[in-house]
Amino acid sequence: MNNLTYRRASMMLLCAAAIAVCVALSLTFGARGVNLSEILTGLFGRGELPIGAAVVRERVPRTVLGLIAGAALGMSGALMQAVTRNPLADPGILGVNTGAALAVVCGIAFFGISTLNQYIAFALVGAGASAVFVYSVGSLGRGGATPIKLALAGAATTAALSSLISAVMLPRAEHMEAFRFWQSGGIGGATWAGIGSVSPLFAVGAVIAVFSCGSLNALALGDDAATSLGVRTGRARLLGAGAGVLLCGAATAIAGPIGFVGLMIPHAVRLVTGPDLRWVLPLSAVGGAVMLLAADVAGRLLGRPGEIDAGLVTAFIGAPALIIIAMRSKVRSL
């Protein structure tokens, strides 16, 4: 077994162990701590449950949502970094999250949307429109869509869309309580019905992402080399970006805009496994699930007797991580 294969296998085992630990912590800790017998009763008991076991049962959908939303954000970040060849690409930095948020707030303010399916539809449209706009602006001028131009276009778009969100919200503050809770980003409101609504979108996005790995690996060699290998570069970018937007839009619709998961996790994974998306993508999914679930548990512990939303915890961790990544990468292309 060569060194790279050993590192990949070790990271996979480490991620599997981390998932198990985070699931156990998520079921155990919160405003009320529970013990092992209460966890087992909550998971496998039937009928009327004691209070501790009932608390555990309430935490199960929250834990499941943390796993799938975190996995979706990790995969989305890996795809966007591969499509743009930009190590700083992330649904938050490229304005995708903010585009989804603006679409949702406009839907609430002007169309009276209130159901999760409506949130999902508006969030996907907003995320897709924002991604197309940022990439189009970043492609203008000499050199095409360079990493620095995409990062600047994403930052400018995020600032502009955030201002529009505030402009829509301020005159309608009394109608925006639900949106303000959603905007902070968190998995505290998880329900089985909500998870069932977005699971097909996660599944479709993940399948497209997996089948795009070979083409996106070829794109890393440059468009000319990829074309000589028989890859249709435009189609490969469209599929990869579409899967990334679908995963991010679905996660944003149900959990709110959660930043930095898609930035940090794929970057950390590549440091260990190399740039091969056949490894980066699944490990980014596992790493994203671990990070979001760990952030949610940390928010519950730090905010006792209340809680801090997971999106705020990931932002607190992600801001210094972004600076470190930018300094190390020197904003190079992948």
Taking E58, is it of a type in the set (D, E) and in contact with a Pro (Cβ under 8 Å, 6 or more places away or on another chain)?
-> no
Answer yes or no as to whether F122 is of a type in the set (F, W, Y) and under 17 Å from G256 (Cβ atoms).
-> yes
Of the residues in the stretch 239-259, how many are farther than 17 Å from A121 by Cβ and modelled with pLDDT of 85 or more?
-> 6
Sole residue being touching a helix residue (DSSP H, G or I) at 6+ places or on another chain (Cβ under 6 Å), part of a helix (DSSP H, G or I) and among the hydrophobic types (A, V, I, L, M, F, W, C), chosen from I113, I68, I148 | I68
Considering each of A31, A24 in turn, give the residue that is surrounded by fewer than 21 Cβ atoms within 10 Å (Cβ to Cβ), modelled with pLDDT under 80 and not charged (D, E, K, R).
-> A31
State whether one or more residues within the stretch 30-52 are in a helix (DSSP H, G or I), of a type outside the set (G, A, S) and touching a residue at least 24 places away in the same chain (Cβ under 8 Å).
-> no
Any residue in the stretch 156-173 that is closer than 19 Å to G244 by Cβ, aliphatic (A, V, I, L, M), surrounded by 15 or more Cβ atoms within 10 Å (Cβ to Cβ) and within 18 Å of the chain's Cα centre (by Cα)?
-> no
When G107 is run through (1) surrounded by fewer than 24 Cβ atoms within 10 Å (Cβ to Cβ); (2) out of contact with any Phe, Trp or Tyr (no Cβ under 8 Å at 6 or more places or on another chain); (3) among the small types (G, A, S); (4) free of Cβ contacts under 8 Å to residues at least 60 places away in the same chain, the failure sits at (2)
Are any residues in the stretch 8-35 of a type in the set (K, R) and closer than 21 Å to I51 by Cβ, and if so, which ones?
-> R32
Starting from the stretch 263-278, take each residue that is crowded, with 20+ Cβ neighbours inside 10 Å and at pLDDT 85 or above and list its partners that are in a helix (DSSP H, G or I) and among the hydroxyl-bearing types (S, T, Y), counting only C-beta distances under 6 angstrom and pairs at least six apart or across chains.
-> I265/S284; P266/S284; V269/S284
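The values are calculated or read from the model by the stated rules, or taken from the named source; none is laboratory data. Bear in mind that the values here come from a model prediction, so they are computed numbers and not experimental data. Backbone-built Cβ (ideal geometry, glycine too); neighbour counts: all protein chains shown.
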